Each structure stands twice: as structure tokens, then as C-alpha cells.
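*Asks:* One structure, pasted below without further comment.
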Amino acid sequence: MSTVLAAGTLPWRRRRGRLQVALVHRPRYDDWSWAKGKLDHGETFPAAAARETLEETGLRVRLGHPLPTTTYTVRSSQGRPAVKEVRYWAAEVTGGDGGLVHEVDQVAWLEAEVAAARLTYSHDRAQVEALVAADRQGALSTWPLAILRHAKARPRSSWAEEDWLRPLDDRGRAQAAGLVPVLTSYGVTRLVSSPSTRASDTLAPYASATGEKLRLKPGLSEEGYSEDPSRAGHHLDRLLERGIPAALCSHGPVLPDLVSRLLERVDPTFAPGLVGRSVVEDVADSGMAKGELLLAHVVGTGADARIVAVERHHPSDRG
């Protein structure tokens, strides 16, 4: 049986202190559900979730807390049974005019309990239940911190100049370009990187696309880490103090230290299965592939910062 991949969001807001979420009505099916849609060829789940939300609701969103995935049986375009897998995120509205230009004719902002009752399909209720649970635990309003290993570079054996000048190869440049819609969907605004060419060029396409400044920190390079390992952790701590959606790009030998520092921030009290402590532990044990992204959803800043959910995005997920 084939699988249809899709992604969507639950946009949320507060009105008079009450949590509200946005449902959409599709006249073609006369149903109430969440904004969602199929992935385009080569598209990632996060990018599709943000794009489909904009297309269906006219709202630009920043992805936040990941929510439960739904799977159910549908009919494929050939009329055969297929499994549909839909991944969801809680999302905060950052802009958009709310104009409806897709297959939706109504967007309804409802209190969470009312929204759960209006949903047409029972399989859509797990997402709002998880969103409410996150809110009750103070873990709904988060900011993203992305840790990246630089994209694939030319082999050391074929490079005669200084190693820090070694550039990305064709595959690495494609990986770097593929990061743009992923980081965009999480609203990343602060970019910090090792000054090594292969690291800075991993974030350069996103910096160019968004106009954000790319800050180069020698302490995140292999050479800088070898001289003083504490400097890399200092740069991570600075990001945690700022609490601004951020991405940090470094190297294989540096990342275990950074990931172990993140592991100390994982909140063990949050709902099992959504924190993703095992994800961070796996990265700490096995490392990250070139071009891979570890995304932590953080509540609070500085000494009070705690990680309440974790995602891992492999470069193969970006087509």
C-alpha cells in the first residue's frame, strides 16, 4: 500500500486569557479540520506545513511544538487504498492577511474545547489534546534553537590549501539550499557559525534569502575548539540567554560537547514521546550526518531555559 505524505498546523492564540485554535472548513468535503496538505516533490514536512497553512488560511506562521502524527486510509489518485501520514505542529501567527485563496471557505478561531467538538474526524482530536496538554505544562510558547553540522564538503585528501578554507561540494551546496525552507518555517533570525568556509557556506543561502546577518565565531571551528573547548559552549549559552530563534553551525568534533549541553536542558517532566530525550541521546552517542539539523524547542532563557521537544532533520529528508 502506498503512502501519501502531508503536513499541517494548529495555529493558536489567546483571547481574554483563553486558548484558541484555528480550524478550516472545506466546502468540497463539508468538513472541519486542520490546515494541511500534501508535500510537494522534494519538500520537507516543516516547509509543507508552513506553506499549506499560508495557502489555506492566508496566515504566515512560525512552527513551534511538534504535535502527534496522524495516519489513516484514503484513496490514492489511482483510486487504490493508500495510507496518509500527516505531521503537525503548533504554530504562532507571524503575519499574513488572512485571505482565503485555496480550497477553504472559512477559518474559525475557537476555544480548544469547542474546536475539538467541531472537528469532523476523530483522528484530528489527538493534536488539540496534545496542544492543550503542552499549554497546561507551560510548554506551548517556545522558541527554536537549531544545531547543524556543516553540509558535505570536498574531501580533505583532495584539498591542498588550509583546511578551514575547504568548500562545500555540489551535494553540500544542495544540502545548504535545502535548509532555507526548513529554517524559514521555524522563523530563525539569529545565525551563528564557525568561520570555516564549509560551515559558513552552509548557512549562507539562508542568510542571503532572509537578509539576516551571519555571525562567525572562531570558537565554533575545529581549530578554535582544539585550542579552547570552553568557547563553543559559551556561544551556545549566549544563544540560550538571548532566547531568539537561532541556528548554530559547527563541526563533527565540536558537536558532541554542544549536544551534551543541550541534553542537560531537556525537561524530564514533560509528556513522554514529545520531548525526544532519546533523540538527543542518540545524537550524543552516534553523532550527526553532514548537513543534519537538530532542532530544540525551548521554553525560557538563560539558566531557566529548558527543552520541551526535539526534532531531528536528516539531509535526506530534504530531497
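*Asks:* May I ask you to give the solvent-accessible area per residue for region 77-203, in square angstrom, as obtained with a 1.4 angstrom probe?
*Replies:* Roughly 45 Å² per residue, with all protein chains present.
*Asks:* Would you mind getting me the FRET efficiency between E111 and L5? Use the beta-carbon distance for r and R0 = 35 Å, nearest 0.05.
*Replies:* After rounding to 0.05, the efficiency reads 0.70.
*Asks:* Between T73 and A209, 0.36 nm times their residue separation minus their Cα-Cα distance comes to what?
*Replies:* Working: separation 136, 0.36 × 136 = 48.96 nm, distance 3.81 nm.
Fully extending the segment from T73 to A209 adds 45.2 nm.
*Asks:* Students often get this wrong, so try it: which of (1) 32, 55, 13, 0; (2) 27, 58, 15, 0; (3) 33, 59, 8 is P(r) over Cα pairs in 20 Å bins from 0, in percent as calculated from the structure shown?
*Replies:* Working out P(r) over Cα pairs in 20 Å bins from 0, in percent from the coordinates points to (1).
*Asks:* Where the only charges are on Cβ atoms (+1 Lys, Arg; -1 Asp, Glu), what is the dipole of the chain about its Cα centre, to the nearest 20 debye?
*Replies:* Roughly 460 debye, rounded to the nearest 20.
*Asks:* Then there is this: Are there any chymotrypsin sites (Phe, Trp or Tyr not before Pro) in region 1-64 that are in a DSSP loop and have at most 15 other Cβ atoms within 10 Å? List them by number.
*Replies:* Y29
*Asks:* For region 168-247, treating each Cα as an identical point scatterer without solvent, what Debye log10 I(q)/I(0) comes out at q = 0.12, 0.20, 0.25 1/Å?
*Replies:* -0.35, -0.91, -1.20
*Asks:* Please give the net charge around A151, taking every other residue with its beta carbon less than 10 angstrom from that of A151, where Lys and Arg add +1 and Asp and Glu add -1.
*Replies:* Value of the local net charge: +3.
*Asks:* Another question about this same structure. How much net charge surrounds L191 when only other residues with a Cβ under 9 Å from its Cβ are counted (Lys, Arg +1; Asp, Glu -1)?
*Replies:* For residues surrounding L191, the net value is +2.
*Asks:* Averaged per residue, what accessible area in Å² does region 1-76 show with a 1.4 Å probe, protein chains only?
*Replies:* 45 Å²
*Asks:* Now a separate question. For region 88-160, what % of the accessible area comes from carbon and sulfur atoms, probe 1.4 Å? Could the numbers behind the result be given before it?
*Replies:* Working: 1660 of 3460 Å².
Percent of accessible area from carbon and sulfur atoms in region 88-160: 48.
*Asks:* Would you work out the charge dipole size for region 1-145 about its Cα centre, treating the Cβ of every Lys and Arg as +1 and the Cβ of every Asp and Glu as -1, and quote it to the nearest 20 debye?
*Replies:* Its charge dipole is roughly 220 debye.
*Asks:* Can you send over the carbon and sulfur percentage of the accessible area for region 1-42, probe radius 1.4 Å, protein chains only?
*Replies:* Values: 990 of 2260 Å².
Roughly 44 percent of what the probe reaches on region 1-42 is carbon or sulfur.
*Asks:* For the chain, give me the percentage of DSSP beta bridges that are antiparallel, rounded to the nearest 5 percent. Can you show the working numbers first?
*Replies:* Numbers: 43 of 67 bridges.
The antiparallel proportion sits near 65 percent.
*Asks:* Would you work out which of T197, A246, A48 lies farthest towards the positive end of the dipole of the chain, given +1 charges on the beta-carbon of Lys and Arg and -1 on that of Asp and Glu, about the Cα centre?
*Replies:* A48
The values are calculated or read from the model by the stated rules, or taken from the named source; none is laboratory data. Treat the numbers as computed from the prediction; the structure is a model and nothing was measured. Quick reminder, even Gly has a Cβ in these numbers, built from the backbone with ideal geometry, and neighbours come from all protein chains shown. All accessible areas refer to the heavy atoms of the entire protein, side chains included, with ligands and DNA or RNA removed. Shrake-Rupley method; radii C 1.70, N 1.55, O 1.52, S 1.80 Å.
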